[in-house]
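A short worksheet on the structure shown next.
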């Protein structure tokens, strides 16, 4: 039978912050507190989707209970659940749900990297999980602000595209989707699109050179595309997601 963890995520995160407060400046501590608060929100809101059937049954009972019996995800499960959730926290939650500014995006990578190393040092997660999570945090600290800047450049560029997509033939318009970057050169990129029978490259898509300096193959762009003249252009823009 699956039982609540003896040391919950909530308890361990409080312990982490208590130790960090003894080491860092007040300004830096606030960033750590903000990121940990957001990580808890992500775990409480989404991590139950990846539970096993017995774990999900435990969560259902506790989450739907009333009064003092009610428990959130972070109050039920232990810190070994954290590493598997960091990719979605950094790559989806911080970009799409929080719509965080570059400074907070960078802090999210730094804090999760520090947290992962701390969890391993305390024996809460194994060394391999800590290594993978630390690498994710380091990559996020580097890539998330770049992706955010690229998304802003691409969004601004859509104001220069004058086209009524309602008048375009179906073959010249692709509705909103997450398109993976296959390759790029300054000012142009090629995206992977699904067609019957498999994936193909679509392009070149004309974009500002400033954007291609920031983007990387394998990253995804959430956007809508239209063929304007001889070139494909981004006509609606949402987010860029590092791989």
**Message:** Could you check the stretch 121-173 and list, in sequence order, the residues that are more than 30 Å from residue 39 (Cβ to Cβ) and either in contact with a helix residue (DSSP H, G or I) (Cβ under 8 Å, 6 or more places away or on another chain) or in a helix (DSSP H, G or I) (or both)?
**Reply:** 156, 157, 158, 165, 166, 167, 170, 171, 172, 173
**Request:** Of the conditions (1) in contact with a strand residue (DSSP E or B) (Cβ under 7 Å, 6 or more places away or on another chain); (2) within 26 Å of residue 123 (Cα to Cα), residue 90 clears all except one; give me its number.
**Result:** (1)
**Request:** Consider residue 204 carefully, then state whether it is touching a residue at least 24 places away in the same chain (Cβ under 8 Å) and either under 29 Å from residue 85 (Cα atoms) or in a helix (DSSP H, G or I) (or both).
**Result:** no
**Message:** Please verify whether residue 106 is over 17 Å from residue 136 (Cα atoms) and touching a helix residue (DSSP H, G or I) at 6+ places or on another chain (Cβ under 8 Å), treating the condition exactly as stated.
**Reply:** no
**Prompt:** Counting just the residues of the stretch 62-108 that are in a loop (DSSP other than H, G, I, E, B) and surrounded by 14 or more Cβ atoms within 10 Å (Cβ to Cβ), which one comes out modelled with the lowest pLDDT?
**Reply:** 100
**Item:** Conditions (1) more than 22 Å from the chain's Cα centre (by Cα); (2) over 19 Å from residue 156 (Cα atoms); (3) surrounded by 14 or more Cβ atoms within 10 Å (Cβ to Cβ); number of the one not met by residue 169
**Value:** (3)
**Prompt:** Residue check: is residue 238 under 16 Å from residue 175 (Cα atoms) and within 20 Å of the chain's Cα centre (by Cα)?
**Reply:** yes
**Prompt:** With respect to residue 34, is the statement that it is in the same structural domain as residue 135 (by TED's automatic domain parsing), surrounded by 13 or more Cβ atoms within 10 Å (Cβ to Cβ), under 25 Å from residue 133 (Cα atoms) and in contact (Cβ under 8 Å) with a residue 60 or more places away in the chain true?
**Reply:** yes
**Request:** Read through the list (1) buried (at least 18 other Cβ atoms within 10 Å of the Cβ); (2) without any contact (Cβ under 8 Å) to a residue 60 or more places away in the chain; (3) assigned to a helix (DSSP H, G or I), then give the number of the only condition that residue 41 fails.
**Result:** (1)
**Prompt:** If you take the residues in the stretch 208-243 that are in a loop (DSSP other than H, G, I, E, B) and in contact with a helix residue (DSSP H, G or I) (Cβ under 6 Å, 6 or more places away or on another chain), which one is surrounded by the most Cβ atoms within 10 Å (Cβ to Cβ)?
**Reply:** 215
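The values are calculated or read from the model by the stated rules, or taken from the named source; none is laboratory data. Values in this document were obtained by computation on a predicted structure and should not be read as measured data. Glycine also receives a Cβ, built like all others from the backbone with ideal geometry; neighbour counts cover every protein chain displayed.
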